[in-house]
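Have a look at the structure below, then the notes.
The values are calculated or read from the model by the stated rules, or taken from the named source; none is laboratory data. Bear in mind that the values here come from a model prediction, so they are computed numbers and not experimental data. Cβ coordinates were reconstructed from backbone atoms using ideal geometry, including for glycine residues, and neighbour counts include every protein chain displayed. These accessible areas exclude ligands, DNA and RNA; they are computed on the full protein's heavy atoms, side chains included. Shrake-Rupley method; radii C 1.70, N 1.55, O 1.52, S 1.80 Å.
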Amino acid sequence: MATSLTNRTRSSRARSRTTPSTWPCPTRSESLRHRPSCPRRICTSGSRTAKARDQYVCRYNEMTEIWWNDPQKPNQEPSYSKKNWSDTYVTWSPRGTYLATFHRLGIMLWGGPSWKRQIKINHGGVKLIDFSPCETYLVTWSPESGQSAALIIWEIKTGNKCRALQGSDPASEMRWPAYLWSHDDSLFARLGDDCIYVYESSTMKLIKDKQDKRTSVRVEGVRQFLWSPTDNIISCWIPEHTNNPAKVVLMSLPSREELRQKNLFSVADLRMTWHDQGHFLCVKVDKHSKSKKTLNSAFELFRLRDKDVPIEVTEFTKETTVIAFAWEPKGIRYAIIHGEAGSQRTDVSFYSMGSKYNGRISLIKTLESKTCSTLWWSPVGSIIVLANLKGTAGQLEWVDANTQTTIGEAEHFMCSDVEWDPTGRFVATSVSHWKHQMENGFIMWSSHGRELLHTKHDKFYQLHWRPRPKTLLTEAQEKEIRKNLRKYSHRYEEEDAQLKNQLGADKLRERKEKHAAFEGFLRAKQKEYDDMRARRIELRGGVESDAESAYTLIEEEEREQLEMTEEVLDAGEEIEIGDD
């Protein structure tokens, strides 16, 4: 023991002799990289239970409530509720760790099993916030702050201010989110004049170019850009200018390598939509005809997983108007709503990309005469809700994309919002007071369109499902589970049956308890009546009023003729009686 202690003392003395007398202050990136992690008491597992229930938050009047979603259970109470919890609205962080509330002096982030305050962000008059995908950073915007500090980026873990940035020009409209984040929080970017400003989140500085200088990414005339949901790749749209055609560019960052470019001509409008898993990019292009009097649409579909990023084109006639487009999450299909120009009829078509690799686009089926304006895929795919949210319509239709058949139809009058739960087992539709002042509330539906719960509240504002953390399973593992789902489903079916039996037993027990309570009430009243017998005899002068023999039952029958009418039939009429 003495030898080991002596060796430790010598080694510590040697380290102390090599330690410099002055220590340079570390940069912010070094401090972030070497900072010891401080575990916070935030329980993300509180967002669900062993029964795989999810949570949702709803706001109405001055109340904010957090509920467990268990429609089969009667007489539920919110797991947490608070009056005047937020001044305006509430929002979840992307992985459901925090619930953000808005206040006059800034933002509060709440979490944990008991919903305690975790972080306080001091930025007065905040109107808009945006979380980074991994919940590392938070961007806040306040119109009350000076223009040089209207936008602030905060580190959520510590609550420290990372950088204050200039807001938009007061004369121009605020573009939100002001900064777009890469999928891993390592980069964030905003649109500039003929350039894109791309920053490193670790240093809050521009990325370096090939000359090792921190510069913006030069893209002449860029109008819009979007990050891939799974890779550090951006898609950019550059409109036509001077004699140059419009084009879509795919660029890898921070290397600034151009992966693919597509020139487009006579472009009137363009919209980009990434696939949920980053496998594909759809570019919807509205093109002018040669006469400039009509428009026709086309889809430019990029295959990101194939070599050299091949592009497939789907064109529509000038009579066809594409109203909506939506990728199937965790799948290779997409759906569109389209109609004929000048006609109120709309159809819904399903297409397949064939495969993630080396596939070919094909039309699966067109469902004709579907009254809808929006598409809402289940988060796990296969089922899609066709919703008509125009005006006060509220028609809803559930379609199985595997068989292209309707599995449920319903109507929610004045419906303004549709939102699937993270598991794809439930759908919530709501009527927000922000859009309609009547019929405020929400309806909970099953994944097949069966109504489970209908709740009405005056001044109902919003309902949002609590997001789940990112799954640890790979895409191949998820596919294998879905393939063998029937093998796992027996256990869950048994649990559902047990729950149903338990609920039935609970109802039976509740009825028995009510019956027993009523019987007890009758017995108590009978005892009270019996105890007062002597007093009743005394009040009646010794007459036993309770004895049946003290009474004589007399029955009287009265008959009274109210009216009598005589009618003489024709004397010449003969009446024959026979077998016929």
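A Förster radius of 51 Å, combined with the Cβ-Cβ distance separating Gln166 from Leu499, puts the computed FRET efficiency at roughly 0.40. Each label was represented as a point 7 Å from its Cα along the Cα-to-Cβ direction; for Glu155 and Lys527 these points are 7.1 nm apart.
For region 64-147, the solvent-accessible area works out to 44 Å² per residue, with a probe of 1.4 Å and every protein chain left in place. Extension gain, Glu563-Lys83: 0.36 nm per intervening residue step, less the Cα-Cα distance, totals 165.6 nm. Computed about its Cα centre, the charge dipole of the chain is approximately 7320 debye, with only Lys, Arg, Asp and Glu carrying charge at their Cβ.
Positive end of the dipole of the chain (Cβ unit charges, origin at the Cα centre): among Trp85, Val543, His457, the Cα lying farthest that way belongs to Trp85.
Using C-alpha pairs under 8 Å with a sequence gap of at least 6, the mean separation divided by the residue count of region 364-408 gives a relative contact order of 29 percent. Taking 0.36 nm per residue of sequence separation and removing the Cα-Cα distance, the Glu340/Glu439 pair yields an extension gain of 32.3 nm. The modelled label-to-label distance for the pair Lys512/Leu363, using points 7 Å beyond Cα in the direction of Cβ, is 6.3 nm. Taking every C-alpha pair closer than 8 Å and separated by at least 6 residues, the mean separation divided by the residue count of the chain gives a relative contact order of 7 percent.
Remark: spin-label model distance Arg536-Thr552 equals 2.2 nm, labels positioned 7 Å along the Cα→Cβ axis. May I ask for the net charge around Thr215, where only other residues with Cβ less than 9 Å from the Cβ of Thr215 are counted and Lys, Arg are +1 while Asp, Glu are -1? Taking every other residue near Thr215 into account, the sum is +3.
Considering only the Cα atoms of region 477-530, their convex hull presents on average a projected area of 4.4 nm². In percent, rounded to a whole number, the relative contact order of region 133-288 is 12, using alpha-carbon pairs under 8 Å and six or more apart. Among the listed values (i) 35.7, 146; (ii) 26.9, 112; (iii) 33.6, 94, the one matching Rg and Dmax of the Cα atoms in Å as calculated from this structure is (i).
Residues of region 236-257 with backbone nitrogen within less than 16 Å of a virtual label 7 Å along the Cα-to-Cβ line of Thr203, please, listed as ranges. Hits in region 236-257 for Thr203 at 16 Å: 254-256.
Place a label point 7 angstrom from the Cα of Ser489 along the Cα-to-Cβ direction, then list the residues of region 344-386 whose backbone nitrogen is under 17 Å away. Under cut-off, by backbone N: 380-384. Restricting region 89-168 to trypsin sites (Lys or Arg not before Pro) that sit in a DSSP loop and have at most 10 other Cβ atoms within 10 Å of their own Cβ leaves Arg104.
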